[in-house]
Amino acid sequence: EQLPAPSSYIPTTGTALTRNADLTIINNLSSWYNTAASTVVTSFSVPYAALSGVWPWLYAFDDTTVNNRFGTFINSPTNSKAISFIRSGGVTQLSVIPNLVVTNDLTHVSAAAFTNSSAAASIDGATTATGATSVLPTPTQFRIGSGDFFLNGHLKSIIYYDSNLSNQKLKQLSN
């Protein structure tokens, strides 16, 4: 993959090499992250449905453990939906599942808002799914394209709002 513009080119000398996953982790959240409310809008595509037992993450806020995490991932092939999820203290607080299947190779837009009292999510302008939560974990990092499993797809854009946007606004931004 030798391109005229910078990419993640790996020069080789005729021997095949294994490439590590492109992984973006932001560790300094203090200057921009709001502990009371967050909204994340992502435009993404995946080449195929998730494998059984594999849940590729669009993004995740966490404390480097799976016990305190929130974000959005694609569910396994049984329903292939973008699920916005909160786990705090090792206990799942909430799974918000908009009623729209993620179709392979198409660009989708997900908008999800998280607070200590609620979460809401919309995908591709569908009706916003909502739920109540009791504890939003305190993250130390923001992972893009990874969580338990790598996205293995394309994140075309990711936008962070340091506020809880309305359900109507989530629907509008994901359309």
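Say whether the condition of being at pLDDT 90 or above, out of contact with any helix residue (DSSP H, G or I) (no Cβ under 6 Å at 6 or more places or on another chain) and loosely packed, with under 14 Cβ neighbours inside 10 Å is met by at least one residue in region 66-77.
Initial filter on region 66-77 (at pLDDT 90 or above): 66-72.
With the extra rule that they be out of contact with any helix residue (DSSP H, G or I) (no Cβ under 6 Å at 6 or more places or on another chain), the set shrinks to 66-72.
With the extra rule that they be loosely packed, with under 14 Cβ neighbours inside 10 Å, the set shrinks to 66-67.
Within region 66-77, one or more residues are at pLDDT 90 or above, out of contact with any helix residue (DSSP H, G or I) (no Cβ under 6 Å at 6 or more places or on another chain) and loosely packed, with under 14 Cβ neighbours inside 10 Å.
Please find, among Gly145, Gly125, the residue that is at positive phi, in contact with a Lys or Arg (Cβ under 7 Å, 6 or more places away or on another chain) and not charged (D, E, K, R). Step through it out loud before you land on a result.
Details: Gly145 fails: in contact with a Lys or Arg (Cβ under 7 Å, 6 or more places away or on another chain).
One residue alone meets the criteria, Gly125.
When you check Thr92 against the structure, is it over 16 Å from Tyr59 (Cβ atoms), in contact (Cβ under 8 Å) with a residue 12 or more places away in the chain and part of a strand (DSSP E or B), yes or no?
On the way: over 16 Å from Tyr59 (Cβ atoms): yes; in contact (Cβ under 8 Å) with a residue 12 or more places away in the chain: no; part of a strand (DSSP E or B): yes.
The answer is no for Thr92.
With respect to Ala37, is the statement that it is modelled with pLDDT of 90 or more, more than 17 Å from Thr140 (Cα to Cα) and hydrophobic (A, V, I, L, M, F, W, C) true?
Working: modelled with pLDDT of 90 or more: yes; more than 17 Å from Thr140 (Cα to Cα): no; hydrophobic (A, V, I, L, M, F, W, C): yes.
Considered against the rule, which asks whether it is modelled with pLDDT of 90 or more, more than 17 Å from Thr140 (Cα to Cα) and hydrophobic (A, V, I, L, M, F, W, C), Ala37 comes out as no.
Could you please find all residues in region 103-148 being assigned to a loop (DSSP other than H, G, I, E, B) and free of Cβ contacts under 8 Å to residues at least 60 places away in the same chain?
Once the filter is applied, which keeps residues that are assigned to a loop (DSSP other than H, G, I, E, B) and free of Cβ contacts under 8 Å to residues at least 60 places away in the same chain, region 103-148 yields Thr103, Asn104, Ser117, Asp124, Gly125, Ala126, Thr127, Thr128, Thr133, Ser134, Val135.
Quick one: how many residues across region 107-123 are open to solvent by 50 Å² or more (accessible area, probe 1.4 Å) and modelled with pLDDT of 90 or more? So that I can check it myself, show each step before the final result.
Initial filter on region 107-123 (open to solvent by 50 Å² or more (accessible area, probe 1.4 Å)): 107, 116-117.
Now drop any that are not modelled with pLDDT of 90 or more, which leaves 107.
Of the residues in region 107-123, 1 are open to solvent by 50 Å² or more (accessible area, probe 1.4 Å) and modelled with pLDDT of 90 or more.
Residue by residue, here is whether (1) over 20 Å from Ser146 (Cβ atoms); (2) buried (at least 22 other Cβ atoms within 10 Å of the Cβ) holds:
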site	(1), (2)
Ile26	no, no
Ala37	yes, no
Phe44	no, yes
Val54	no, no
Ala82	no, yes
Ser95	no, no
Leu100	yes, no
Thr130	yes, no
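Can you pull out every residue in region 149-165 that is outside any strand (DSSP E or B), open to solvent by 20 Å² or more (accessible area, probe 1.4 Å) and either hydrophobic (A, V, I, L, M, F, W, C) or without any contact (Cβ under 8 Å) to a residue 40 or more places away in the chain (or both)? Please lay out each step first, then the result.
Restricting attention to region 149-165, the residues satisfying the condition of being outside any strand (DSSP E or B) are 150-153, 162-165.
Pick out the ones that are also open to solvent by 20 Å² or more (accessible area, probe 1.4 Å) and you get 150, 152-153, 162-165.
Those that are outside any strand (DSSP E or B), open to solvent by 20 Å² or more (accessible area, probe 1.4 Å) and either hydrophobic (A, V, I, L, M, F, W, C) or without any contact (Cβ under 8 Å) to a residue 40 or more places away in the chain (or both): Phe150, Leu165.
Could you please tell me which pairs satisfy a Cβ distance under 7 Å, a separation of 6+ or placement on different chains, a first residue in region 20-35 that is farther than 24 Å from Ala119 by Cβ, and a second residue that is open to solvent by 100 Å² or more (accessible area, probe 1.4 Å)?
What qualifies is Ala21/Phe150.
The values are calculated or read from the model by the stated rules, or taken from the named source; none is laboratory data. Model, not experiment: these values are computed from the prediction. Heads up, the Cβs are rebuilt from the backbone with ideal geometry, glycines too, and the neighbour counts pull from every protein chain shown. Calculation scope for accessible area: heavy atoms of the full protein, side chains included, ligands and nucleic acids excluded. Shrake-Rupley method; radii C 1.70, N 1.55, O 1.52, S 1.80 Å.
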